[in-house]
1. Filter region 142-189 down to residues that are outside any strand (DSSP E or B), closer than 17 Å to Thr248 by Cα and not polar (S, T, N, Q), then give me how many there are.
2. For residues in region 120-167 being without any contact (Cβ under 8 Å) to a residue 12 or more places away in the chain and either within 21 Å of Val183 (Cα to Cα) or among the aliphatic types (A, V, I, L, M) (or both), which is farthest from the ligand (Cβ to nearest atom)?
3. Aromatic (Phe, Trp, Tyr), within 17 Å of the chain's Cα centre (by Cα) and assigned to a loop (DSSP other than H, G, I, E, B), is that true of Phe249?
4. Going by the conditions given, is Asp33 acidic (Asp, Glu), loosely packed, with under 12 Cβ neighbours inside 10 Å, under 20 Å from the mean Cα position of the chain (by Cα) and assigned to a helix (DSSP H, G or I)?
5. Could you please let me know if Gly220 is modelled with pLDDT under 95, farther than 23 Å from Leu81 by Cα and surrounded by fewer than 18 Cβ atoms within 10 Å (Cβ to Cβ)?
6. Looking at the structure I just gave you, is Met83 of a type in the set (A, V, I, L, M, F, W, C), in a helix (DSSP H, G or I), open to solvent by 80 Å² or more (accessible area, probe 1.4 Å) and over 30 Å from Arg185 (Cβ atoms)?
7. Taking into account only those residues within region 152-169 that are of a type in the set (A, V, I, L, M) and open to solvent by less than 70 Å² (accessible area, probe 1.4 Å), which is farthest from the chain's Cα centre (by Cα)?
8. Condition check: buried (at least 19 other Cβ atoms within 10 Å of the Cβ), among the acidic types (Asp, Glu) and out of contact with any strand residue (DSSP E or B) (no Cβ under 6 Å at 6 or more places or on another chain). Does Glu149 satisfy that?
Amino acid sequence: ALEIGHDLGAALTTARALERERAVVRELQQLDDYRSHLIATLSHELRTPLTVISGNLELLGAHGLDAEAERFHAAMTRGTLRMQKVVDDLLLLARVSHPQHPLVRTPVDLRAVVDDVTMLVESTARSKGLTLAIELEDGPLLVLGDLGELDRLLGNLVSNAVKYTPAGGQVRITARRDEDDVVVRVADTGLGISEEDQAGLFSAFFRTTNPAALSESGTGLGLAIVASIAERHAGRVDVESRLGEGTTFTVTLPVAGE
Ligand code: ADP
């Protein structure tokens, strides 16, 4: 009887501990929902006044400003553009990380996505003296997903590679089939990311501690968006990097059924 009593006592303690843990998880989930809701609402509310500001700045710019006013105008325009980028990224992150936000899937050929993205970064890469190498396996590289989101996923990785690779370096984009997946790699010979920094890389607002990377402007939202988009396409993103040598991001997405 003593032993049974002891077992019962132990079971009760475990049950109470489990219940406490569940309550903490529920509370964290509620906080997380509240945070997402707050971010989505705030960024939505900020969008309209920002459009008013940028529209009026444009009108003001056409008024023939003197040199000093021109400087103020340029500073305000830069600030507004930056704010618009943060708000747009926040809205996108809220959308793609919300499980209830539906993903409309159509067959997307990743070779078209690579083409779109390459076109966008080509001139920046050239003006920085970077080599862009593209190697795509023959045949379609089809996945089921949202073209706009997949453009953003790859666009963020490739524009980071260009941004964080010093002049004279190389950015290489490869894509191939691997059994039931399509694997896209974005590799650069840039600054690299320390092991410590790799741990937080995909969290919103994360920026590395590397001073050379911090001198580039950024919001720390790009990779959080990348991770959320990959996740909702049933894929994943992995990173391999060595400080001072370069970084490779690997995106794995399930191939569209033939
Ligand atoms: P952002 O570039 O706007 O700061 P991201 O979420 O895209 O935000 O990236 C987070 C951080 O990860 C960056 O601040 C940068 O320090 C680091 N990072 C991302 N991509 C690379 C890369 N290819 N090489 C080196 N560091 C990178």
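The values are calculated or read from the model by the stated rules, or taken from the named source; none is laboratory data. Just so you know, these numbers come straight off a predicted model, no measurement behind them. Ideal geometry is used to build each Cβ from the backbone, glycine not excepted, and the neighbour counts take in all protein chains shown. Side chains are part of the model used for accessible areas, which takes the heavy atoms of the whole protein and leaves out ligands, DNA and RNA. Shrake-Rupley method; radii C 1.70, N 1.55, O 1.52, S 1.80 Å.
1. So the count comes out to 11.
2. Applying the filter and picking the extreme gives Asp138.
3. no
4. yes
5. no
6. yes
7. So, considering only residues that are of a type in the set (A, V, I, L, M) and open to solvent by less than 70 Å² (accessible area, probe 1.4 Å), the one farthest from the chain's Cα centre (by Cα) is Val162.
8. yes
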